[in-house]
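Colleague: Mind looking over this structure? Questions follow.
All of the numbers you see were taken from the coordinates with simple rules; none came from a lab. What you see is a predicted model; the values in this text were computed from it and never measured. Because the Cβ atoms are built from the backbone with ideal geometry, glycine has one as well, and the counts that use them run over all protein chains shown.
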Amino acid sequence: MISPARPLLAPVCAFMAGMLLARCAALPAWPALATCAILLAWAGRDLRAGHRADVRLLCACLALGGAHLRAWDSVHPDPALAALGRVEHPVVVEGDVRAAWTVAGEYREEVRLDLALCSVEVGKECLRASGPLSARLEGTSPVPAGSRVRLRGFASPWRAVRNPGGFNEASNAADRGLPFSFRVPSAGACEVLDAPRGGRGWIGGLREGMERRLRERFPGERGRVLATLLVGAPWDFPDDLEWAFRRTGTVHLLAISGLHLGLVAGAVWFCVRRLAFLGSARFAICALLILLYAALVGPLSPVVRSAVLVLVFLAARASGRRVDVWNLLALAAALILAVFPAELFRLGFQLSFLACAGIVLSARLPLSAEGRSAPVRWALRSLAVSFGASAAVTPLLWHHFHILSPVSLLANLPLVPLLGVVLAGAFLSVSLGGIPLLGGAVVLGTDLSVRLLIAIVRLFGAIPGGSVTLAGPSISVCVLIYAALGGLVACSFLSRSRLRGAAMAVLACVLVAACLARPAPSGAGVVFLDVGQGSASVFWDGKGGVAACDCGTSGREVA
């Protein structure tokens with residue numbers, strides 16, 4: 001039941017399963033807590049009883065997960081704060097600015113702010129709040145990052161999907177933990193309470209300075225891409241380039257995530273580990289540099305998850321313990337869910353750990369590479385890792401975004417290693433770019449590498465059929481697909497009975513095929529009456545339901 005080599009994996013999985021069951025069954029917290037206490041006491045009586053104690057321990061973790069989520073749901077988010085996301089309401093928001101940038105609005109330029117909430121005032125009531133908030137400020141009044149501001153505006157609900165397969169703003173906001181859409185009608189409604197100072201001011205100034213230097217030394221789309229890759233600057237490069245990233249399934253390279261932090265951590269560890277005279281201080285130095293980069297790009301959920309993984313790994317190495325990847329992933333997930341249980345239901349958390357699991361499993365596949373040259377072995381291993389990561393996240397991405405990108409399997413092979421070169425070059429260009437000869441050579445090398453990255457993305461984006469828009473499967477079908485993938489992976493490692501493995505593989509494929517071959521609803525359809533500004537459409541569900549949608553020119557839906 002519970003592997004002695006990986007004692008954390010099964011209990012953490014049971015803990016997450018309990019959270020899922022609690023969310024689906026809507027059970028109160030106290031029965032789960034009582035069950036957890038009874039099972040833990042029962043399991044503690046006979047820890048040497050083998051599987052019986054394991055079963056009781058797993059059941060206790062199952063109950064504890066449900067109780068933990070229910071206790072969190074009872075206080076987070078504040079019910080009054082959640083109600084603001086249902087109807088438009090005037091509110092006053094106070095928070096710290098994590099990032100600020102200017103974009104082209106519908107009629108004029110506007111400022112976008114990423115805030116860390118401190119409080120929300122509704123009428124005469126002040127609600128203590130925490131978490132992220134995205135605000136739209138009409139006008140171009142500069143707001144320095146790291147400052148504390150007070151905004152007077154309107155909270156309104158996020159818009160759901162407007163066209164079949166289109167972008168679901170409400171789902172995206174829920175994944176990011178944004179409670180409501182916030183609009184500030186004028187620049188005069190923004191009051192700076194506290195200028196950037198201390199750590200907030202230093203980090204914000206460093207981020208803005210690095211972004212400014214990259215844009216100055218690399219004009220055009222190259223500087224914009226570098227600023228996005230290194231410090232998480234907003235995307236403001238040409239539409240055709242952004243579309244190429246989306247078509248090739250490599251848009252994850254543009255969002256600061258665990259991949260970026262992992263590359264930075266690998267580079268830092270490569271440099272620090274050679275300083276043997278520092279002893280255990282090497283791990284502390286590496287941890288401090290990782291935390292500095294995480295603070296530089298902002299407390300984004302993927303960055304926090306990856307930082308936890310890296311710090312747990314460094315702590316294990318510093319203590320001389322053998323690091324098991326599955327135990328490491330389980331411990332990181334447990335730490336994150338213990339503090340933020342709602343992360344389990346966010347797409348970013350799911351994709352991060354699914355991708356890690358896919359990479360770990362594919363890296364251990366028994367490939368027949370003996371007797372081959374080193375480049376061939378490296379290519380086979382890289383292809384297996386890329387396939388594992390893509391296979392792990394594709395069903396979930398297909399379910400949420402209704403798009404399949406077969407070309408991403410090949411596009412990621414050259415782009416991921418090249419991303420490490422680009423990140424290193426961007427950092428060196430910022431720090432050494434002012435030195436006459438050395439800086440010029442670094443800037444030239446970085447310019448060539450980012451040009452190559454953009455060219456590869458555009459090349460793969462131009463391949464016909466590289467990306468297909470297709471209605472995504474339901475979440476139940478996604479579960480069956482993952483079950484089938486798990487069976488196929490198990491077949492690769494089971495050597496006792498090849499016949500049993502082949503039967504499992506065939507059964508898994510038949511199961512997935514039967515689920516995907518469901519008939520489409522008859523009689524459903526949609527007709528677009530007008531496309532462009534003021535788009536209008538009529539759609540029917542085949543069961544007598546007919547609806548008309550006219551967006552008008554204001555962007556508001558009128559049905």
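Colleague: Scan around TRP158 for amide H atoms under 5 Å from its own, H built in the peptide plane at 1.01 Å from N, and keep only partners 5 or more places away or cross-chain.
Modeller: SER181
Colleague: Follow-up. At a 10 Å Cβ-Cβ cut-off, how would you order ILE463, ILE475, ILE336, fewest neighbours first?
Modeller: Arranged by neighbour count, lowest to highest, ILE463, ILE475, ILE336 become ILE475, ILE463, ILE336.
Colleague: Whole-Hz Karplus ³J(HN,Hα) for segment 268-273, in order, using 6.51 cos²θ - 1.76 cosθ + 1.60 and θ = phi - 60°, x for Gly and Pro?
Modeller: With the stated coefficients, segment 268-273 comes to 5, 5, 4, 7, 7, 5 Hz.
Colleague: What's the exposure ranking of CYS13, CYS126, CYS190, going from fewest to most Cβ atoms within 10 Å?
Modeller: CYS126, CYS13, CYS190
Colleague: Provide the gained length on full extension for the span SER373 to LEU459, in nm with one decimal, where the gain is 0.36 nm per separating residue minus the Cα-Cα distance.
Modeller: 28.1 nm
Colleague: Which whole-percent values make up P(r) of segment 352-466 when all C-alpha to C-alpha distances are grouped in 5 Å steps starting at zero?
Modeller: 2, 11, 14, 15, 17, 15, 12, 8, 4, 2, 0
Colleague: Now, a different point. Non-local amide H neighbours of ARG98 (under 5 Å, H modeled in plane, Pro and chain starts lacking H): which ones?
Modeller: So ARG98 has HN proximity to ASP114, LEU115, ALA116, GLY146.
Colleague: Continuing with this model, one more query. What full-extension length gain, to one decimal in nm, is calculated for VAL526 and ALA267 as 0.36 nm per residue of separation minus the Cα-Cα distance?
Modeller: Contour length minus Cα-Cα distance gives 88.1 nm.
Colleague: Any idea how far apart LEU380 and ALA189 come out in nm if each label point goes 7 Å out from Cα toward Cβ?
Modeller: 6.3
Colleague: Here is a follow-up. Pull up all non-local amide H partners of GLY472: gap of 5 or more, or a different chain, and H-to-H distance under 5 Å with H placed in the peptide plane.
Modeller: Answer set, sorted by chain and number: HIS402.
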